[in-house]
Amino acid sequence: MTSIDLNADLGEGFGRWRLTDDEGLLSVVTSANVACGFHAGDPATMRRVCALAAERGVRIGAQVSYRDLAGFGRRAMDVPSAELTAEIAYQIGALEVFARAAGTRVSYVKPHGALYNRAVDDEEQAAAVVAGVRLADASLPVLGLPGSRLLDLAAAAGLPAVPEAFADRAYTGRGTLVPRDREGAVVTDPETVVARSVGLARDGEVTARSGERVAVRARSLCLHGDTPGAVELARRVRDRLRDADVRVEPFA
């Protein structure tokens, strides 16, 4: 039977402000990308989400980012390699404290937003991310876009490289994500997202904005937690995957 992991971005709040329905999503997903305080999240939020994830047996991933609370980590930034490496390790270490307090551990690392997209082609920034992961824990898997420099360098450094697909994001013909500032970058129709999820999991393909079929072979499928109706959409995706004989299980 085909299997795939289902992940979502969680803990994307700050203080009294909450963006994601963490408890609802943790009843559906198998892996949680927890914001580590640089694009969203704070110590209390990180601790709460780790405790909830541990209770439900959901794997905890460190969602590392550029230091950009005001821009939600989605603004392009130029960070020196040594600084970025240290900041990646710092974020992982902070989340690890709360994961261990909840009786579990950080199981993988996933860059967020602008850093995720930059590491697709930027050798220097991708190498800095990999160096930061190795500094924190040289056994941690790295989640990223198939064919990215990030995954290539992670594999070369001995880290498990885990390819990821997005059911609710538009793709270019070369298999990269359409930038968020372009019209149609986010797929909002629920039935389309559900159908794309099954196609990605079973066939390893998705239709690009140009209309061509693009190969996207992934071990994990992401649904964004800040999408309106994210919990109900995640349930529909999981139910449809089950109906299509796709087993949903964590990769880590």
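See the values below:
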read-out: DSSP H segments from the chain that extend 18 Å or more along their own axis, Cα-based, with Kyte-Doolittle mean of -0.5 or above; value: 43-56, 81-101, 123-136, 190-203
read-out: Gyration tensor verdict on the range 100-227 (Cα atoms; rounded if a/c is under 1.5, prolate if a/b is larger than b/c, oblate otherwise); value: prolate
read-out: Accessible surface, the chain, averaged per residue in Å² (probe 1.4 Å); value: 42 Å²
read-out: Whole-percent carbon and sulfur share, accessible surface of the chain, 1.4 Å; value: 49 percent
read-out: At R0 = 41 Å, FRET efficiency that the Cβ-Cβ distance of residue 209 and residue 105 yields, to 0.05; value: 0.60
read-out: Under 5 Å, built H, 5+ apart or other chain: amide partners of residue 144; value: 162, 164
read-out: Shape box of the chain [Cα atoms, principal axes, largest first, Å]; value: 40, 38, 34
read-out: Semi-axis lengths (Å, descending) of the ellipsoid that matches the C-alpha gyration tensor of the range 136-200; value: 27, 13, 10
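The values are calculated or read from the model by the stated rules, or taken from the named source; none is laboratory data. Predicted, not measured: the structure shown is a model, and the values here were computed from it. Reconstructed Cβ throughout: ideal geometry from the backbone, glycine too, with neighbour counts over all protein chains shown. SASA here: full protein model, heavy atoms, side chains in, ligands and nucleic acids out. Shrake-Rupley method; radii C 1.70, N 1.55, O 1.52, S 1.80 Å.
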